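Engineer: Structure incoming, see below.
The values are calculated or read from the model by the stated rules, or taken from the named source; none is laboratory data. Here the structure is a predicted model, which means the values were calculated and not measured. All Cβ positions, even for glycine, are placed from backbone atoms using ideal geometry, and neighbour counts span all protein chains on display. Side chains are part of the model used for accessible areas, which takes the heavy atoms of the whole protein and leaves out ligands, DNA and RNA. Shrake-Rupley method; radii C 1.70, N 1.55, O 1.52, S 1.80 Å.
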Amino acid sequence: MSATVSFGVASAHGPQTVTLSYARVGRGEPLLLLHGIGHHRQAWDPVVDVLATEREVIAVDLPGFGASPALPGGLTHGLPTMNAALVALCGKLGLDRPHVAGNSLGGLLALELGREKRVRSVTALSPAGFWTPAERRYAFGVLIGMRRIAERMPLPLVERLARSAAGRAALTSTVYARPGRRSPEAVVAETCALAGATGFTETLRAGTGVRFTDDVPGIPVTVAWGARDRLLLPRQGVRAKQTIPGARLVRLPGCGHVPMNDDPALVARVLLDGSR
């Protein structure tokens, strides 16, 4: 069941109201789920039911993605503002230092929350920020290309392509290693989410100079990387381990950049183990 919540975030022009859409389900210690750029909270659907048997799961649409509007004027989509919004969200929802897991951009945000000691544990799936300049340019170029295709493709064509495994591969093989496993409805929804993401351009621009270079001491950190990630290459996981020596580095065989759909059982186990 989805809901929205609004709260104030400080800016140079005074507090600005931010509204986020989220879904909350399950019982147990809270686990906040953060998706990647251009995606939406439904990216976590393949693992939510399993997680909800042991955790209270809060899946969020980040600002300008899914059902959440972009940040208001006066607020940028950079890491400081995004993190401030997530901290305020946790306060508004009564989440006292939840566990957090994120994918791609969400993984970077999760690590930032961990670095600031705002969470109990971090599980980052193919997190952004461990790239070389060339790897970042490649990833951003791929993302911009995906966005342009999604924006220009008529909905009837998307729906027709999504009905076949080959069509789903054409639409989503950049982020999924096993795109045929994604349901037609989910592929249509996430293609529309990418096309309609009002925060895409500003979020991508804000990430141009971003690299994660700090350790995250004092809390459990798991970094997991899909062995078939074609967007953020698996060697970036080795850099993450070098940056965060205490982190547990997990390889996800047969998984792409968004691994939750490629192997839901494996990813759910990694998320549960990482949030103990």
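Engineer: Run Glu185 past the list (1) of a type outside the set (Val, Ile, Thr); (2) under 21 Å from Val47 (Cα atoms); (3) at pLDDT 95 or above; (4) open to solvent by less than 50 Å² (accessible area, probe 1.4 Å) and report the number of the one that doesn't hold.
Structural biologist: Here Glu185 clears every test but (4).
Engineer: Looking at Thr17, is it in contact (Cβ under 8 Å) with a residue 40 or more places away in the chain, out of contact with any Cys (no Cβ under 9 Å at 6 or more places or on another chain) and surrounded by fewer than 18 Cβ atoms within 10 Å (Cβ to Cβ)?
Structural biologist: yes
Engineer: Then there's this: Return yes when Arg136 is closer than 26 Å to Arg251 by Cβ, out of contact with any Asp or Glu (no Cβ under 8 Å at 6 or more places or on another chain) and modelled with pLDDT of 95 or more and no when it is not.
Structural biologist: yes
Engineer: Considering segment 174-190 alone, what residues qualify as being out of contact with any Ser or Thr (no Cβ under 9 Å at 6 or more places or on another chain), touching a residue at least 24 places away in the same chain (Cβ under 8 Å) and either of a type in the set (D, E, K, R) or outside any helix (DSSP H, G or I) (or both)?
Structural biologist: The answer is Thr174, Tyr176, Ala177, Arg178, Arg181.
Engineer: Turning to a different aspect of this structure: Has segment 102-115 got at least one residue that is open to solvent by 60 Å² or more (accessible area, probe 1.4 Å) and either assigned to a helix (DSSP H, G or I) or of a type outside the set (Gly, Ala, Ser) (or both)?
Structural biologist: The answer is yes, given that some residue of segment 102-115 is open to solvent by 60 Å² or more (accessible area, probe 1.4 Å) and either assigned to a helix (DSSP H, G or I) or of a type outside the set (Gly, Ala, Ser) (or both).
Engineer: Here is a further query. Got at least one residue in segment 69-79 being touching a Leu at 6+ places or on another chain (Cβ under 8 Å), under 25 Å from Glu151 (Cα atoms) and either of a type outside the set (Phe, Trp, Tyr) or buried (at least 24 other Cβ atoms within 10 Å of the Cβ) (or both)?
Structural biologist: yes
Engineer: Among the residues of segment 69-96, count how many are touching a helix residue (DSSP H, G or I) at 6+ places or on another chain (Cβ under 9 Å), in a loop (DSSP other than H, G, I, E, B) and farther than 10 Å from Leu32 by Cβ.
Structural biologist: So the count comes out to 7.
Engineer: From (1) touching a Gly at 6+ places or on another chain (Cβ under 6 Å); (2) farther than 25 Å from Pro72 by Cβ; (3) not in a loop (DSSP other than H, G, I, E, B), pick out the condition that doesn't hold for Ile219.
Structural biologist: Ile219 satisfies all of (1) touching a Gly at 6+ places or on another chain (Cβ under 6 Å); (2) farther than 25 Å from Pro72 by Cβ; (3) not in a loop (DSSP other than H, G, I, E, B) except (3).
Engineer: With Ala59, Ala128, Ala43 as the choices, which residue is part of a strand (DSSP E or B), surrounded by 23 or more Cβ atoms within 10 Å (Cβ to Cβ) and not polar (S, T, N, Q)?
Structural biologist: From the options Ala59, Ala128, Ala43, the qualifying one is Ala59.
Engineer: Regarding Val258, is this residue open to solvent by less than 20 Å² (accessible area, probe 1.4 Å), assigned to a loop (DSSP other than H, G, I, E, B), over 22 Å from His39 (Cα atoms) and among the hydrophobic types (A, V, I, L, M, F, W, C)?
Structural biologist: no
For (1) over 17 Å from Val175 (Cβ atoms); (2) open to solvent by less than 10 Å² (accessible area, probe 1.4 Å), each residue gets a yes or a no:
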| residue | (1), (2) |
| --- | --- |
| Gly237 | no, yes |
| Pro264 | no, no |
| Ala268 | yes, yes |
| Leu271 | yes, yes |
| Gly274 | yes, yes |
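Engineer: Select from segment 3-14 the residues that are open to solvent by 70 Å² or more (accessible area, probe 1.4 Å) and of a type in the set (Gly, Ala, Ser) and write down the one among them that is nearest to Val48 (Cα to Cα).
Structural biologist: Of everything passing the filter in segment 3-14, Ala10 is nearest to Val48 (Cα to Cα).
Engineer: While we're here: Kindly indicate the residue of segment 195-206 that is surrounded by fewer than 22 Cβ atoms within 10 Å (Cβ to Cβ) and not β-branched (Val, Ile, Thr) and also farthest from Pro156 (Cα to Cα) among those meeting that condition.
Structural biologist: Ala206
Engineer: What is the residue count in segment 154-173 for residues that are open to solvent by 40 Å² or more (accessible area, probe 1.4 Å) and not in a helix (DSSP H, G or I)?
Structural biologist: Of the residues in that region, 3 qualify.
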